[in-house]
Amino acid sequence: MSAATRPGGDGAVTPGQVLAGLLLAAMVLWLLAPFAGVDPPGGLTASNAPWTDEGFNLANARERVLAGHFATGDVDRSLTNGAYSVLAAAMFTVTGPSLAAGRALSMVAVAAAVLLLALGLARPLGRPAALLAAASLGGANLVLEHGRLALVEATVVVLLTGAFVLATRAAWWPSLAAGAGVGLLVAAAVSVKAIALLPGMVMLAVVLVAAAVRRDRAAMGMGLAGLATLILAGGAWLAAVALPNWDRFRTALAIWPRVEYLDSPVALAGRLGRYLADSDQALGRSLPLLVAAAIGMAALARRWPHLAPATRDALVMAALWGVGLWLAVAVADYLPDHYGAPNRYVVPALPGLAVLAGFGLADLAGRAGRGRARVAGVVGVVLGVAVALPGVVAYLDGAMASGRSREQGQRVLATSLPEEAVVYGAYAPTLLFDTRLATLTPWPSAGANVGDPVGRLGVTHLLVGPVPSDPTSRVVALPGAGRTSSLARVRWGPGELFLYDLPGAGVSPVAAPIDYDPVAGPSRQT
């Protein structure tokens, strides 16, 4: 292989590279694991998702282990977050259902994505760029914030990163097996979050277009194998999973917000302008990564004529993935409320930006070193720390300031409930996740779990949060009003939650109601 076509230049994966990658992955786990039981940080996002969606995302995997089936009433999220529910159910089979175990799934996914970049990009980009890309991803604030919660984005990140690493092989070691692996990983990512289809198709398109331009039949075969595998996996899932559960699948789709992209250029520009003005902190929390990625884009443009095909392909994929996916999130119109995208929506785009960042930082370090490897290495370390440290500090500040009110509130609620209780409410799956109590979430917009939940679904208790974040009290009339009629009161997320029993539901109430104050602790109402 000539110097003109050689990837990255110093791309063999050495024992030192493996050790450095493992060290970065271990550091990410070291940052995340101590906070597995800690509440989400206040002020992370304008979305209510950190307070409701952890339990909701995992509820069907929990139900699979406890009851032998995925569905909770009318809702089966395993039909729309497929691989995530399958992985969570497998973990819960070993560990038992717990929110900490669900969060561990996200933590391992983030660490694995960091390791994949550190090792998988050494050949196309070079060892320094690979390590700096891994450090940029591992220090990205939104990756850390959402990577310690039981949300689906971290799983999408690792699946797309794995597909990307395989796709970069097309220019230097193409194979049908690698192509099939790309297709399977993209299909798994799409099963977790549909927007993963965009970067997945970008990866395959770059492989196919580059192969056609270079008349590389082996790379073309790899790209076609990936596309065929993706289509076959989608067809198999449709036949084996979606069609036999069509009603629940339609309900699961209706739970998603409706997203529209088609509009006039003026309207799209207006949406982009509104997003730039209010990105739910996504731009601010990602600023160091965005600056480093911009440096990488500039380096790509400057060095384009002299880059090896494998390097070009990897960077083009990364740019279209990171910038394209973020842009798609920014200009989308989320109906019916026309709200802006929560900041977690951009997390699947961050690995692409991290790849650009790693390339740009390595280029800067090399230019500063002027051929002196030791100087370039020191500069690279300084640049990597400069990009990662702000996100890490902000993450630790929020995590260390958060308490454990969910665990404490769960104990209070469990004490107030009989074993046969069926608790209904948007916050119930998260607040009662570690118990064996049955929980159901109402989704009025999708018509799910709302038709006579007492008679049809056996609901015995309500866990009601503040309106409008919780539709529970709009579906089932409260048996009373105020604290005096509640069995328990706990603080969680946006405010207080009240637990009520439903008279005539066939369940005996607890002797005396309980209040829970995060400072004073639980006390019986008198």
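Would it be correct to say that D333 is at pLDDT 95 or above and open to solvent by less than 60 Å² (accessible area, probe 1.4 Å)?
no
With respect to the numbered conditions (1) part of a loop (DSSP other than H, G, I, E, B); (2) modelled with pLDDT of 95 or more, which one is the sole condition not fulfilled by L22?
Only one criterion in (1) part of a loop (DSSP other than H, G, I, E, B); (2) modelled with pLDDT of 95 or more is unmet by L22, namely (1).
Consider L325 carefully, then state whether it is open to solvent by 50 Å² or more (accessible area, probe 1.4 Å) and aliphatic (A, V, I, L, M).
No: the conditions fail for L325.
Give me a count of the residues in region 393-437 that are of a type in the set (G, A, S) and touching a helix residue (DSSP H, G or I) at 6+ places or on another chain (Cβ under 8 Å). Reasoning before the result, please.
Taking region 393-437 and keeping what is of a type in the set (G, A, S), we get 394, 398-399, 401-403, 405, 409, 414, 416, 421, 425-426, 428.
If we keep only those that are touching a helix residue (DSSP H, G or I) at 6+ places or on another chain (Cβ under 8 Å) as well, we get 394, 398-399, 402, 409, 425-426, 428.
Of the residues in that region, 8 qualify.
On the given criteria, is A101 surrounded by fewer than 24 Cβ atoms within 10 Å (Cβ to Cβ) and either touching a Ser or Thr at 6+ places or on another chain (Cβ under 6 Å) or outside any helix (DSSP H, G or I) (or both)?
yes
Does any residue of region 235-251 turn out to be more than 27 Å from P351 (Cβ to Cβ), crowded, with 16+ Cβ neighbours inside 10 Å and hydroxyl-bearing (S, T, Y)?
Checked region 235-251: at least one residue is more than 27 Å from P351 (Cβ to Cβ), crowded, with 16+ Cβ neighbours inside 10 Å and hydroxyl-bearing (S, T, Y).
For region 147-168, does any single residue satisfy the condition of being modelled with pLDDT of 95 or more, in contact with a Phe, Trp or Tyr (Cβ under 8 Å, 6 or more places away or on another chain) and of a type in the set (S, T, N, Q)?
Yes, there is a match, as at least one residue in region 147-168 is modelled with pLDDT of 95 or more, in contact with a Phe, Trp or Tyr (Cβ under 8 Å, 6 or more places away or on another chain) and of a type in the set (S, T, N, Q).
If A386 meets every condition in (1) among the aliphatic types (A, V, I, L, M); (2) without any contact (Cβ under 8 Å) to a residue 60 or more places away in the chain; (3) under 27 Å from V114 (Cβ atoms) apart from one, which number is that one?
Just one mismatch for A386, condition (2).
Would you be able to tell me the number of residues in region 259-277 that are surrounded by fewer than 13 Cβ atoms within 10 Å (Cβ to Cβ) and within 30 Å of L389 (Cβ to Cβ)?
2
Against the condition crowded, with 22+ Cβ neighbours inside 10 Å and either at pLDDT below 95 or among the aliphatic types (A, V, I, L, M) (or both), how does G73 come out, does it pass?
Spelling it out, G73 is indeed crowded, with 22+ Cβ neighbours inside 10 Å and either at pLDDT below 95 or among the aliphatic types (A, V, I, L, M) (or both).
Tally the residues that are in contact with a helix residue (DSSP H, G or I) (Cβ under 8 Å, 6 or more places away or on another chain) and open to solvent by 30 Å² or more (accessible area, probe 1.4 Å), restricting the search to region 78-96.
5
Need a quick list: helices (runs of 4 or more DSSP H) entirely within region 104-177 having at least 1 residues that are over 18 Å from R312 (Cα atoms) and open to solvent by less than 10 Å² (accessible area, probe 1.4 Å).
Numbers: elements: 122-125, 127-138, 141-147, 153-167.
Where helices (runs of 4 or more DSSP H) fall fully within region 104-177 and carry at least 1 residues being over 18 Å from R312 (Cα atoms) and open to solvent by less than 10 Å² (accessible area, probe 1.4 Å), they are 127-138, 141-147, 153-167.
Could you list, in sequence order, the residues of region 206-234 that are surrounded by 15 or more Cβ atoms within 10 Å (Cβ to Cβ) and either under 29 Å from S85 (Cβ atoms) or acidic (D, E) (or both)?
Of everything in region 206-234, those that are surrounded by 15 or more Cβ atoms within 10 Å (Cβ to Cβ) and either under 29 Å from S85 (Cβ atoms) or acidic (D, E) (or both) turn out to be D216, A225, G226, L227, T229, L230, A233, G234.
Would you say G384 is within 16 Å of L290 (Cβ to Cβ) and either in a helix (DSSP H, G or I) or touching a Leu at 6+ places or on another chain (Cβ under 9 Å) (or both)?
So G384 passes the test.
Of all the residues that make up region 256-289, how many are of a type in the set (S, T, N, Q) and either in a helix (DSSP H, G or I) or over 21 Å from S47 (Cα atoms) (or both)?
As a first pass, look at region 256-289 and keep what is of a type in the set (S, T, N, Q): 264, 279, 281, 286.
Now restrict to residues that are either in a helix (DSSP H, G or I) or over 21 Å from S47 (Cα atoms) (or both): 264.
Adding up the residues that qualify gives 1.
The values are calculated or read from the model by the stated rules, or taken from the named source; none is laboratory data. As the structure is a prediction and not an experimental result, all values here were calculated from the model. With ideal geometry, Cβ positions are generated from the backbone for all residues, glycine too; neighbour counts draw on all protein chains shown. For accessibility, only protein heavy atoms count, side chains too; no ligands or nucleic acids. Shrake-Rupley method; radii C 1.70, N 1.55, O 1.52, S 1.80 Å.
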